[in-house]
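Here is the structure we will look at, set down as structure tokens.
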Amino acid sequence: MAGTVYIVGAGPGDPGLLTLRAYRLLQQTDAVVYDRLVNSEVIALIAPGVIRVFAGKSCNRHSMTQEEINHTLLALARKKKHVVRLKGGDPFIFGRGGEEAEFLAQHGIAFEIVPGISAAAGCAAYAGIPLTHRQLASGVRYVTGHRQNDDKLALNWASMADADTTLVIYMGLGNADTIRRELISHGMDASTPVAVICEGTTPHQRRHITTLGQLVQTIARERIEPPATIIIGRVVALAGTMDWFGMDTLPVRKAL
Ligand SMILES: C[S@@+](CC[C@H](N)C(=O)[O-])C[C@H]1O[C@@H](n2cnc3c(N)ncnc32)[C@H](O)[C@@H]1O
């Protein structure tokens, strides 16, 4: 019998956001293959003696190709190893968890998916921004701001420029000017509030509040670097009153 591969979400940073299922697997597995965006404090939770393989993948820098990662998982599973494939955030949200699961299924390897807190959910919560709100946003849409091989960002801009829907843009820093220009030219107001959250849920979190019209200038002025998540929509206006993480008034959080 080959081993099982557990495709596990590590959450966006704060190790306290790891699920109990993920934590138990890190304690019991034979090997962990992990991505660059997995927080070092989560890596520190892997039991001693477990094989660790750094896959090093980020949105556009790869130390292992996707094919090499797939074959590493396959080789470990065929050696009867139980393997945790540990990914930042949630494995099924811009995490290629689907591609890896497909590959394993094609090769007859048993797998399990363990969801994680996505960057969207983590950054929004820790920035004090409810992604939906009965008066401000009736829906939320997760969008990639980056295409494979740096291809032109061709999104359905007309459907995205909807004041009732919050947009969460992953990997969008490099294409911020296109995002700004296209949304405004498709009817979104330049004064729409925008938050850019870097290293969300970690002690290094920075939360920049701006407008759609000023997005590019804010990124340049504040020297914002990845990993960053961009939230666009009326709900961002609530960030001023809900900055619980910035105020850091919750001693229980530190104790956990
Ligand atoms: C390849 S995607 C992985 C997304 C992940 N699977 C998820 O569910 O959040 C990487 C992007 O997620 C976002 N991201 C991940 N961790 C983040 C963090 N701690 N703070 C802000 N954005 C983050 C950034 O947009 C980053 O470029």
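Using modelled backbone amide H atoms (1.01 Å from N, in-plane), which distant-in-sequence or interchain residues come within less than 5 Å of residue 81's amide H?
So residue 81 has HN proximity to 3.
Mind checking the angle between helix 66-78 and the chain's longest principal axis? C-alpha axes, 0 to 90 degrees, to the nearest 10.
The helix 66-78 is inclined about 30 degrees to the chain.
Quick one: net charge around residue 90, please, counting Lys, Arg +1 and Asp, Glu -1 for every other residue with C-beta under 15 Å from its C-beta.
Net of charged neighbours comes to -1.
Could you work out Rg/(2.2 N^0.38 Å) for region 119-245, with Rg from alpha carbons only?
Dividing the Cα Rg of region 119-245 by 2.2 N^0.38 Å gives 0.96.
Anyone know which of 241, 144, 192 comes out most mobile in the 10 Å Cα GNM of the chain?
241
Return the aspartates and glutamates within reach of residue 81: Cα separation strictly under 20 angstrom, same-chain partners fewer than 8 residues apart disregarded; answer none if there are no such residues.
Straight-distance partners of residue 81: 30, 35, 67, 68, 100, 102, 112.
Which value results for Rg/Rh of the chain when Rg is the Cα radius of gyration and Rh the Kirkwood radius based on the inverse mean 1/r?
Rg/Rh for the chain comes to 1.00.
Non-local amide H neighbours of residue 33 (under 5 Å, H modeled in plane, Pro and chain starts lacking H): which ones?
Answer set, sorted by chain and number: 53, 84, 85, 86.
Using the Cβ atoms and a cut-off under 14 Å, what net charge is assigned to the surroundings of residue 134, where Lys and Arg are +1 and Asp and Glu are -1?
Residues close to residue 134 contribute a combined charge of 0.
At 222 nm, what value in deg cm²/dmol follows for the chain if DSSP H runs of at least 4 each add -39500 (n - 2.57) and the sum is divided by all its residues, to the nearest 500?
-7500 deg cm²/dmol
Counting only other residues whose beta carbon sits under 12 Å from that of residue 101, what net charge do I get with K and R as +1, D and E as -1?
Residues close to residue 101 contribute a combined charge of -1.
Can you tell me the convex hull volume per residue for region 1-148, based on C-alpha atoms, in Å³ to the nearest whole number?
Hull volume normalised by residue count: 122 Å³.
Neighbour counts of other C-beta atoms within 10 Å: give me 87, 79, 152 arranged from fewest to most.
Lowest to highest Cβ neighbour count: 152, 79, 87.
Any chance you could list the semi-axes, whole Å, largest first, of the equivalent ellipsoid that the Cα gyration tensor gives for region 205-245, using √(5λ)?
Those come to 18, 13, 9 Å.
Multiplying the sequence separation of residue 67 and residue 52 by 0.36 nm and subtracting their Cα-Cα distance, what value in nm do you get?
Value of the extension gain: 3.6 nm.
Any read-out appearing in this document is the output of simple, stated calculations on the displayed coordinates, not a laboratory observation. Not measured: the values here are computed from a predicted model. Please note: Cβ atoms are built from the backbone with ideal geometry, for glycine as well, and neighbour counts cover all protein chains shown.
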